[in-house]
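The values are calculated or read from the model by the stated rules, or taken from the named source; none is laboratory data. Computed from a predicted model, the values in this text were never measured in an experiment. Every residue, glycine as well, gets a Cβ built from its backbone with ideal geometry; the counts of neighbours run over all protein chains shown. Ligands, DNA and RNA are excluded from the accessible area calculation, which covers all protein heavy atoms including side chains. Shrake-Rupley method; radii C 1.70, N 1.55, O 1.52, S 1.80 Å.
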Amino acid sequence: MASVNSLLLSSPAKLNLYLDVLGRRPDGYHELLTFFERISLCDTVRLTEIQTDEIVLSCDSRLVPSDAANLAWQAADLLRRSFGVKKGVKIEIQKQIPVGGGMGGGSSNAATVLLGMNRLFGMRLSRPVLVDLANRLGSDVAFFVSGRRFAIGRGRGGDLTGVSIPPRVRLWHVLFVPPKNIMTKDVYALFDRGSQRSRTGRNPRETLTLTKNNENVNILLSCLKEGDLRFLNRKIYNRLSEIVIESYGFVSELRTDLSKLGFKWLHMSGSGPTLFVVCKDQKYAQRVYDKARARLSDKCHVFIAATL
Ligand SMILES: C[C@](O)(CO)[C@H](O)COP(=O)(O)OP(=O)(O)OC[C@H]1O[C@@H](n2ccc(N)nc2=O)[C@H](O)[C@@H]1O
Ligand SMILES: Nc1ncnc2c1ncn2[C@@H]1O[C@H](COP(=O)(O)OP(=O)(O)OP(=O)(O)O)[C@@H](O)[C@H]1O
């Protein structure tokens, strides 16, 4: 019997420890400065070479399309078209990362397909070539292709700078995910409307200069290297959180509930609605997890994850 060429891969989520929106770009996207962290909450992606010249996709979540609308399907298609690959592939996705939670699940699946097909078909494409493909699929895809635990993203988010953080540095998080999701593009549109109002003086928002932003990211980096979590908590920042909390009642309610449980430093990842805390170790994370599960299991899903 012929052996089956197949790979079983982990497809991790991300958190944004820093996210500032610096302005609107000529291509309609937003200019970002962000600090990514790869975390241990993972989907599973199985890739199998098939004899027919097609991409076949299945996914165990009904919130995710299983056709050409799936970002993982688009990744396989882009790779095949760019390099004239004739072989077909079956993609089977098992979701763990909440869909539309701000943790980059779809982008991660797409990156896993790029990296996985490169291996499966022995294509030997270099990391920069894969990063280039990634940036044609979405703003978060390049980070997952980079293979880094932490990175700074500029431009649309995919213009990456690596940071050197010792492997011993590992953050622990508890993630609080409301049962409703939020569309990223809606959040950016709300943000634009908010910024317009601020220009007319009705809704002033703090605007950070680029120098201030770079300084903040550098401080965040040193806190991480030194394991200074107290100061790190003060430096974690998300420019989109204010507009998300103002616009989506279920997020502000969850934040209030979590504050009442005594969680002081609550952060939001990406365009939300996932909220998270940073814990000093696994034991503390477990305590936070148990408390939130006991009191808020009807309001949100709770996960523990660490830097991966
Ligand atoms: C919120 C973040 O997750 C932070 O890492 C990203 O900015 C969004 O990443 P993503 O979902 O991979 O983004 P994409 O798939 O490229 O874009 C989704 C939508 O978000 C908006 N978008 C995204 C990135 C960016 N720099 N500017 C934008 O305005 C656009 O309206 C776009 O239609
Ligand atoms: N492989 C995939 N996994 C999850 N969602 C996908 C996938 N492909 C397409 N989608 C669609 O993309 C949308 C956003 O999904 P995703 O879970 O990536 O959001 P997100 O985590 O908020 O993204 P980000 O943080 O990158 O903005 C959903 O509407 C979903 O149907």
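Here are a few things to note about the model shown:
- Convex hull volume per residue for the chain, taking Cα atoms only, in Å³: 149
- Less than 5 angstrom separates the built amide H of S61 from those of K95, all sequence-distant by 5 or more or on a different chain.
- Summary value for the chain: 22 percent relative contact order, contacts being C-alpha pairs under 8 angstrom separated by 6+ residues.
- Percent accessible area from carbon and sulfur atoms, the chain, protein chains only, probe 1.4 Å: 48
- V56 paired with E226, simple spin-label distance in nm, labels 7 Å along Cα-to-beta-carbon: 5.7
- For the chain, calculated [θ]222 nm from helices alone, where every DSSP H run of n ≥ 4 adds -39500 (n - 2.57): -12000 deg cm²/dmol
- Range of Cα positions in the range 65-107 per principal axis (Å), largest first: 35, 17, 13
- Pairwise FRET efficiency - D298 versus T211, Cβ, R0 = 51 Å, nearest 0.05: 0.70
- Where Rh is the Kirkwood radius over Cα pairs, Rg/Rh for the range 6-162: 0.96
- Couplings for the range 56-66, taken from phi via the Karplus curve 6.51 cos²θ - 1.76 cosθ + 1.60 with θ = phi - 60°, read 10, 10, 9, 8, 7, 10, 7, 7, 10, x, 10 Hz in order; Gly and Pro are left as x.
- Note, ³J(HN,Hα) from phi for the range 32-38, Karplus 6.51, -1.76, 1.60, rounded to Hz, x at Gly and Pro: 10, 10, 9, 10, 8, 10, 7
- Here the range 172-306 is treated as an ellipsoid with the same Cα gyration tensor; its semi-axes, largest first and in whole Å, are 26, 21, 11.
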